[in-house]
Each structure stands twice: as C-alpha cells, then as structure tokens.
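A.B. asks: Sharing a structure with you now.
The values are calculated or read from the model by the stated rules, or taken from the named source; none is laboratory data. Keep in mind the model is a prediction, meaning the values are calculated, not measured. A quick note on method: Cβ atoms are made from the backbone with ideal geometry, for glycine too, and the neighbour counts reach across all protein chains shown. Ligands, DNA and RNA are stripped out before the accessible areas are found, and what is left, the full protein with its side chains, is counted by its heavy atoms. Shrake-Rupley method; radii C 1.70, N 1.55, O 1.52, S 1.80 Å.
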Amino acid sequence: MPLGNLTSQFFANVYLNELDYYIKNVLQAKYYIRYVDDFVILSNSIEELQSYHDLTDSFLKTILKIELHPEKTKILNLEQGIGFLGLRIFYHYKLLKKSNLRKFRNKINNLSDQYDDKLVDYDTIHDSIEGWAAYSKTADTYNLRLELFNRLMYRFSQEISTKEYHRHLREDMRPNKS
C-alpha cells in the first residue's frame, strides 16, 4: 500500500492497537502518544525510558514481528525539542520542521511558475495553501503564516478559487437575521 494512503493508516492503527494496549496497560506508561506508526513516550526518568524502549522493542519483535527504526528511535531531553509529525515540539511551543517549510515554499514557487505558464489554475494553488495552512496551524506559526499569506494574497490578488466563490454564494443566499 502507498505510504499515506488512508487504507494503510487504518491498518496501521488496527495492527498497532496491541502496542497501545501493551504500553498503556502492561508497561503502564503515563504519557504515551501515537499517530499511525509514530509514537512518543514521555517520562522524567532516563532509566524508565530505556526500560520502555527495551521492552517495547522486544514486544514488537516477538508479538507483532516488526522492529523499531534504529535511526529514528531516540531518548531525548525535551528541552532540546523532539521531532514528531513534522513538528519540533518543546515544553511550551511547537515549530514546523525547517525542511517542511522549505518544501512548502518550493512547492508554492513551482506552482506559481506553472500558473504563469498556464499549466495549473488558481484552484490548485489555493488547495495547496489551504492544506498547508491547516497543517501549519498545529504549530506556533501565526507570524510566519501572516507573512507568507500576505505575500501570496499580493501575488494572487486578482484571483478567487472555486471554493471561495461558492462559499461567498452560500453566504449571500442566507436570510438576513436582522
């Protein structure tokens, strides 16, 4: 199955349900977060984290017949921030990974060039912006989004996407509540 496919996400969640049970009920890890095949266990004790690592690795190998990724599995101090779901997470804030920001800027630049060459329409650009906006809102990116979207609004000031147009039509058709 292709990575990112909804079916693969669904089956990852079903298959790793046993991992959730094991970590929460057998190991009794207090702070455990999993999204599809990425997970984090938090603790104040390095020894406890090392124990969780070793026991989880053994469980995955013997019961689920899979292994922890040797280069992505790390015990880190949260003060340094941890990478999770495309974010760099710290105690009191979250940032986007620089590589993800760079990819978005490159994508928008490429789409803009394609738009200029009439290879894509504005709806394609709008959809990319809308998707990235939803993703980027999960981090502390207000000023970054403001700067990027102001630049894009200036660049495409004469455009309106089909979605925006239909939203305005629906709003105009609502009865006045006054």
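A.B. asks: So, in region 140-160, how many residues would count as being under 26 Å from the mean Cα position of the chain (by Cα) and either of a type outside the set (Ser, Thr, Tyr) or at pLDDT below 80 (or both)? If you could, list the steps in order and put the result at the bottom.
C.D. replies: We begin by selecting, within region 140-160, every residue under 26 Å from the mean Cα position of the chain (by Cα); these are 140-153.
Remaining after also requiring either of a type outside the set (Ser, Thr, Tyr) or at pLDDT below 80 (or both): 140, 143-153.
The qualifying residues number 12.
A.B. asks: Among the residues of region 111-133, is any open to solvent by 100 Å² or more (accessible area, probe 1.4 Å) and on the phi > 0 side of the Ramachandran plot? Break it down stepwise before answering.
C.D. replies: Of all residues in region 111-133, those open to solvent by 100 Å² or more (accessible area, probe 1.4 Å) come to 117-119.
Then keep just the ones that are on the phi > 0 side of the Ramachandran plot; that gives 118.
Looking for residues that are open to solvent by 100 Å² or more (accessible area, probe 1.4 Å) and on the phi > 0 side of the Ramachandran plot, one finds at least one in region 111-133, hence yes.
A.B. asks: May I pose another question? Is one or more of the residues making up region 76-87 open to solvent by 70 Å² or more (accessible area, probe 1.4 Å), in a helix (DSSP H, G or I) and in contact with a strand residue (DSSP E or B) (Cβ under 8 Å, 6 or more places away or on another chain)? Spell out how you get there, then give the answer.
C.D. replies: So in region 76-87, the residues open to solvent by 70 Å² or more (accessible area, probe 1.4 Å) come out as 76-77, 79-80, 85.
With the extra rule that they be in a helix (DSSP H, G or I), the set shrinks to 79-80.
Those left that are additionally in contact with a strand residue (DSSP E or B) (Cβ under 8 Å, 6 or more places away or on another chain): none.
There is no residue in region 76-87 that is open to solvent by 70 Å² or more (accessible area, probe 1.4 Å), in a helix (DSSP H, G or I) and in contact with a strand residue (DSSP E or B) (Cβ under 8 Å, 6 or more places away or on another chain).
A.B. asks: Could you go through region 98-114 and let me know if any residue there is assigned to a loop (DSSP other than H, G, I, E, B) and either in contact with a Cys (Cβ under 8 Å, 6 or more places away or on another chain) or of a type outside the set (Asp, Glu) (or both).
C.D. replies: no
A.B. asks: Considering only residues that are in a loop (DSSP other than H, G, I, E, B) and of a type in the set (Ser, Thr, Tyr), look in region 41-75 and name the one that is surrounded by the fewest Cβ atoms within 10 Å (Cβ to Cβ). Walk me through how you get there before you give the answer.
C.D. replies: Within region 41-75, the first condition is being in a loop (DSSP other than H, G, I, E, B), and the residues that meet it are 43-45, 65-75.
When the remaining residues are screened for being of a type in the set (Ser, Thr, Tyr), the result is 43, 45, 73.
Values: Ser43: 16, Ser45: 9, Thr73: 11.
Selected residue: Ser45.
A.B. asks: For Phe10, which of the numbered conditions (1) within 29 Å of Leu144 (Cβ to Cβ); (2) open to solvent by 80 Å² or more (accessible area, probe 1.4 Å) fails to hold?
C.D. replies: Tallying (1) within 29 Å of Leu144 (Cβ to Cβ); (2) open to solvent by 80 Å² or more (accessible area, probe 1.4 Å), Phe10 fails exactly one: (1).
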